[in-house]
Amino acid sequence: MGIGDLLWFFFVLTALQPVIKQRLLESSRQQLIAKIERRRGSRVILLVHRQETMSLLGFPLMRYIDIKRC
């Protein structure tokens, strides 16, 4: 494995990191919602409204409002 391969690998990981982070966040949110639903015996309706930051190599590029309905 040469330096070029390591650099390429770093850029791929950096590009995939926000996607993986978002999937982990959504997964943990779904687990918490399911836990609340089981405890209460009812359905949970959730609206998440927050400001997201899109970044590249750790530097913020833009911000946007994200609205998710679960």
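The values are calculated or read from the model by the stated rules, or taken from the named source; none is laboratory data. Given the structure is predicted, the values throughout are model-derived calculations rather than measurements. Backbone-built Cβ (ideal geometry, glycine too); neighbour counts: all protein chains shown. Protein only, heavy atoms only, side chains kept; ligands, DNA and RNA dropped before computing areas. Shrake-Rupley method; radii C 1.70, N 1.55, O 1.52, S 1.80 Å.
Contact order normalised by length for the chain, with contacts defined as Cα pairs under 8 Å and 6 or more residues apart; what percent is it? Rounded, it is 24 percent for the chain. Residues whose amide H lies under 5 Å from that of SER55, counting only those 5 or more places away or on a different chain, are LEU61; hydrogens are built 1.01 Å from N in the peptide plane. How far, in degrees from 0 to 90, does helix 3-40 lean away from the longest principal axis of the Cα atoms of the chain, to the nearest 10? Between helix and principal axis, roughly 10 degrees. A crude spin-label estimate for the pair ILE20 and HIS49, with each label 7 Å from Cα along the Cβ direction, gives 3.3 nm.
Working with all protein chains in place, sort PHE9, PHE59 by solvent-accessible area computed with a 1.4 Å probe, largest first.
PHE59, PHE9
For the chain, the Stokes-Einstein estimate of translational diffusion at 10 °C and a viscosity of 1.306 mPa s comes to 107 µm²/s, using the Kirkwood hydrodynamic radius over alpha-carbon pairs.
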